[in-house]
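A quick write-up on the structure given underneath.
The values are calculated or read from the model by the stated rules, or taken from the named source; none is laboratory data. All values reported here derive from a predicted model rather than from experimental measurement. As a convention, Cβ positions derive from the backbone with ideal geometry for all residues, glycine included, and neighbour counts pool all protein chains shown. Accessible surface is based on the protein model in full, side chains and every heavy atom, while ligands, DNA and RNA are left aside. Shrake-Rupley method; radii C 1.70, N 1.55, O 1.52, S 1.80 Å.
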Amino acid sequence: MASIATPQPKKRSSDMDAAIRIVHILHILFERTPRTTNEIREQLKNHIDDVPHIRTIQRVMAELEGKFGVYRDDDYNWHINRQSFNELFDLDDTVAIALLVAEQQLTPITPPHMLQPLNGLFNQARAKLARSENALAHWTRRVCVANASHHLHQPQIHPLLHKAIQEAVFNHSVLRIDYCKHQGDEPVKLEVTALAIFYRGAVPYLICRDHGQLDERNEGIRQLPFSRIKDVAVSITGNPIVNGFDLEHYRQGGSLEYRFGEPFELTLEIFNSVRREVEDAHLGENQVIKPVEGHPNVFNMTVRVPYTLNLIQWLLARAPYLKVIGPADFKEKFYRELQLALQHQAEEVLTVPAQPTFRP
């Protein structure tokens, strides 16, 4: 029986080397044009160690001809059309606007050093719109971004600390960290396995497994804000404890938000100002708004919502302009919370009940 030889995969390095070679050739032509094939090969020696034979360069140039603005003249000198090259990477107008709106959205909540690699792209988008021959050239006077509600300023985190945590997460490394439970506290030393990162608004959190809290209930998983980590070092001798951690499964379990129960159908009466806020950007799924007969500025709304702290805070902030109708259990807790807030006005010092109104 004839044997079937297992095909050997191509060496990754050969394809990568070829791609790198092409990039350097384009860069060489961009620096000065025209150049002969021999000149291109000589210049390659300044960029790569293993410079191929002249015949290989000839084949590469023949394949590049007509691409990326590369062409040759009658004397066999190689040129690059800079305009044609730039047009290959030119942004569409709609893409440019999307990028600059995204920049405005991201700037208040993203550490500057994380946005820095995108600055070139943002600047390219600005230049694209600035040289536009239509109204898009004036986009900055016609498009802006504003927050829908008050947002907290992002914490000041040293870029090197941010980078160290990020690299540890990518490698599931063991970290030894100095962590303060609250600002101003003396730091405690923890040994953790770095598992993931998530952002709650502008605040980045390290999701990790604390080697000192490996209990059966949560297997030591903690969420530590970067801003309270004062020092971090990778442990060479520590053994990472990943235990099949999956970020999506963790998120779906509600661990990335303060969740008090399962989603439910909420019924409200809302004033016109609330209606204007939610009629386009819905509060939740299956939202229905109907007028209340005889009351032109009052509406009935039913909507399926997540049972989270974010929802409760959103409702409390608009309490003077809405009325919770049901479900009964949620209604009772909501108005108990409002009564507690009202009592503070008569208290000399703030007192908070030992049992919170809303509990998981």
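Here are a few things to note about the model shown:
- Filtered residues of the stretch 218-271 (kept if within 25 Å of Tyr179 (Cβ to Cβ) and of a type in the set (Asp, Glu)): Glu219, Asp231, Asp246, Glu257
- When we screen His249, His295 for residues that are modelled with pLDDT of 95 or more, surrounded by fewer than 16 Cβ atoms within 10 Å (Cβ to Cβ) and not hydroxyl-bearing (Ser, Thr, Tyr), the only hit is His295.
- Tally, over the stretch 140-176, of residues that are more than 29 Å from Ile97 (Cα to Cα), under 17 Å from the mean Cα position of the chain (by Cα) and in a helix (DSSP H, G or I): 7
- Selection from the stretch 113-127 of residues that are in contact (Cβ under 8 Å) with a residue 12 or more places away in the chain and either within 30 Å of Ser227 (Cα to Cα) or open to solvent by 40 Å² or more (accessible area, probe 1.4 Å) (or both): His113, Met114, Leu115, Leu118, Leu121, Phe122, Gln124, Arg126
- Residue within the stretch 172-183 that is within 18 Å of Glu257 (Cα to Cα) and either aliphatic (A, V, I, L, M) or out of contact with any helix residue (DSSP H, G or I) (no Cβ under 7 Å at 6 or more places or on another chain) (or both) present: no
- Those residues of the stretch 339-359 which are assigned to a loop (DSSP other than H, G, I, E, B) and of a type in the set (S, T, N, Q), in sequence order: Thr351, Gln355, Thr357
- The number of residues in the stretch 269-281 that are at pLDDT 95 or above and not in a helix (DSSP H, G or I) comes to 3.
- Residue count for the stretch 185-205 satisfying the condition of being on the phi < 0 side of the Ramachandran plot and loosely packed, with under 12 Cβ neighbours inside 10 Å: 4.
- Checked against (1) under 22 Å from Leu338 (Cα atoms); (2) open to solvent by 50 Å² or more (accessible area, probe 1.4 Å), Tyr307 meets all criteria but (2).
- Single unsatisfied condition, Gln43 versus (1) assigned to a helix (DSSP H, G or I); (2) touching a residue at least 40 places away in the same chain (Cβ under 8 Å): (2)
- When we screen His182, His282, His172 for residues that are over 23 Å from His151 (Cβ atoms) and surrounded by fewer than 18 Cβ atoms within 10 Å (Cβ to Cβ), the only hit is His172.
- Arg82 being more than 30 Å from Arg59 (Cα to Cα) and open to solvent by 80 Å² or more (accessible area, probe 1.4 Å): no
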